[in-house]
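Chemist: Shown below is the structure under consideration.
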Amino acid sequence: MDKPSWDRTLRSINAADSLSDLDSLLAERVAALNGNSHAFFSGTLLHDIRQEPGTIFQRPPICLHRYPPAWQERYHAESYYKDDPVIRAGLRSVLPIRWAELERTSTGRARQIFTEARGFGLKAGVSVAVHGDARAFSMLSLTFPDDGDAIERHIDTHIHEVHLLVLHLHAAVRRIEAAAEPLSHAVTLTPREQEVLRWMANGKTYGQIGHILGITERTVREHLDRAADKLGVDSKIQLVTEAVARGLTLA
């Protein structure tokens, strides 16, 4: 590790005030590691980590990536994110994920993803995930144009740097998001509104919620209408999603 260079990069990441700045800093660092492309995404998990990768986020995650455009188009057209073995591994572990090791044990559609990625120049890679508070989740993947023992040794040599990089990127994105939405937690719901929303987020109907809380179905709807007005949404799905995203359904 070139410590002075890394220190400058990490200080710059910690001081960055825009996603474009982070994107540039990430691209510079990936180039310094001899990578040919990268992908970083960060969001808030809607469900627990056992859910399907294609349905895990409360809203579209922030993405900073330099994957080949043709591969991105193919990846999304085929909905590969639902079966991506790298994402699946990252949802269950914070340990570095070496693509070569994962590819050797992959079968079916997962194996197909690795095979097709190779055709777009993504022949080797390493990924690291971060699991933060309030279901915050980030993941960084670096790829290389060659594979084999030499590149795997290179990955092993620099894997701790990748781990350090994703930790700082994760923190920076959360900070930038918070600064961009300074009023995101300014909404205050009453304890009863929070209770109603909490049960709705758990899949209960209006009638079931009323029975649980000892109130009428009409009163349940009134609490939800007031919460929706406060959050500026106009549908049940938007209401639950926004309330969960802001932590307003937590006990």
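The values are calculated or read from the model by the stated rules, or taken from the named source; none is laboratory data. Predicted model, so just to flag it, every value in this text is computed and none were measured. Counting neighbours? That spans all protein chains shown, and the Cβs are built from the backbone with ideal geometry, glycine included. Remember, those area values only see protein heavy atoms, side chains included, never the ligands or the DNA or RNA. Shrake-Rupley method; radii C 1.70, N 1.55, O 1.52, S 1.80 Å.
Chemist: Once fully extended, how much extra length lies between Arg226 and Thr107, figured as 0.36 nm per residue of separation less the alpha-carbon to alpha-carbon distance? Display every interim value, and only then the final one.
Modeler: On the way: separation 119, 0.36 × 119 = 42.84 nm, distance 5.00 nm.
Full-extension gain reported as 37.8 nm.
Chemist: Carbon and sulfur atoms: what percent of the 1.4 Å accessible area of segment 10-130 do they account for?
Modeler: Values: 3100 of 5910 Å².
The value for segment 10-130 is 52 percent carbon and sulfur by accessible area.
Chemist: What list of ³J(HN,Hα) values in whole Hz, one per residue of segment 38-43 in order, does the Karplus curve 6.51 cos²θ - 1.76 cosθ + 1.60 (θ = phi - 60°) give from phi, with Gly and Pro shown as x?
Modeler: Those phi angles translate into 7, 8, 10, 9, 8, x Hz.
Chemist: Let me ask something else about it. Sticking to Cα atoms, compute the Rg of segment 110-194 to one decimal and its Dmax as the biggest Cα-Cα distance, whole number, in Å.
Modeler: Taking only Cα atoms of segment 110-194, I get Rg and Dmax of 19.0, 61 Å.
Chemist: OK, next. By a straight-distance test (C-alpha under 12 Å), which aspartates and glutamates pair with Lys230 as possible cross-link partners, with residues fewer than eight away in the same chain excluded?
Modeler: Reachable aspartates and glutamates: Glu193, Glu242.
Chemist: Right, something else. Determine Rg/Rh for the chain; Rg is computed over alpha-carbon atoms and Rh is the Kirkwood hydrodynamic estimate from the same atoms. Provide the component values of the computation, followed by the final result.
Modeler: On the way: Rg = 21.2 Å, Rh = 20.1 Å.
Rg/Rh: 1.05.
Chemist: For Ser20 paired with Glu78, estimate the spin-label separation in nm (one decimal), with each label point 7 Å from Cα along the Cα-to-Cβ line.
Modeler: 3.4 nm
Chemist: For the chain, report the accessible area per residue in Å² (1.4 Å probe, heavy atoms, rounded to an integer).
Modeler: Heavy-atom SASA per residue in the chain reads 52 Å².
Chemist: Can you give me the C-alpha center-to-center distance between segment 210-231 and segment 70-87, rounded to a whole angstrom?
Modeler: First find each Cα centre; the distance between them is then 40 Å.
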